[in-house]
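Asks: Here's a structure for you.
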Amino acid sequence: MATSILHRLTGIALGGGLLLLTAWLVATAMGAQAYDFAQTWLGHPVGRTILFGFTLALVYHLCNGIRHLVWDAGKGFAVPGAHRAGAFVIGAAVVLTLGVWAFAYWLKGAF
């Protein structure tokens, strides 16, 4: 039940995150001053927290969507397996999100 609710909530969060991405793209198109403002805001700890949450929502939604594809194939419906898969999806989302951010910071330092 919790993973189903999280799937719906992350879908809503992805909508908000796409609005944020659109705002950033519009700021990029508006010129250097608007872009600098957007970068400053997104670079602030609050902005980075929002970006981290967006990344987590994206990765969780992806992982849980893959679990739903497995269900569509008729597998994984037994209660113990479904509970294990739910826990795996949450763990994988956290690990993959941390991996994405670690890679991004590594890339930032490499250039």
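Derivation of every value follows stated rules applied to the coordinates shown; laboratory data play no part. Values in this document were obtained by computation on a predicted structure and should not be read as measured data. Note that each Cβ is placed from the backbone with ideal geometry, even for glycine, and that neighbours are counted across all protein chains shown.
Asks: Using 1/(1 + (r/R0)^6) with R0 = 41 angstrom and r between the beta carbons of Q33 and L62, what's the FRET efficiency to the nearest 0.05?
Replies: 0.70
Asks: By average Cβ neighbour count within 10 Å, what is the ranking of 27-34, 53-60, 74-81 from highest down? Before the final figure, lay out each step's value.
Replies: Working: 27-34: 11.9, 53-60: 19.8, 74-81: 9.8.
Those peptides, ordered most packed to least, come out 53-60, 27-34, 74-81.
Asks: Take the Cα pairs of the chain, get the Kirkwood Rh, then feed it into Stokes-Einstein at 20 °C and 1.002 mPa s and tell me D in µm²/s.
Replies: In µm²/s, the coefficient is 136.
Asks: Moving on to the next point. FRET efficiency for S4 and Y105, Cβ-Cβ distance as r, R0 = 41 Å, nearest 0.05? Please list the in-between numbers first.
Replies: Numbers: r = 33 Å, r/R0 = 0.80.
Calculated transfer efficiency: 0.80.
Asks: For the chain, which DSSP H helices look membrane-span-like by this rule: Cα extent along the axis of 20 Å or more and mean Kyte-Doolittle of at least -1.0?
Replies: Details: long enough: 2-30 (41 Å, 1.40); 45-72 (40 Å, 0.78); 79-110 (46 Å, 1.18).
The qualifying helices are 2-30, 45-72, 79-110.
Asks: Can you give me the distance in nm between label points at L21 and V94, each placed 7 Å from the Cα along the Cα-to-Cβ direction?
Replies: 2.5 nm
Asks: If you don't mind, there's one more thing I want to ask. State, as an integer percentage, the relative contact order of the stretch 30-111 based on alpha-carbon contacts under 8 Å between residues 6 or more apart.
Replies: 32 percent
Asks: Moving on to the next point. How much FRET efficiency would the formula 1/(1 + (r/R0)^6) give for H83 and F52, where r is the Cβ-Cβ distance and R0 is 41 Å, rounded to 0.05?
Replies: FRET efficiency, H83 to F52: 0.95.
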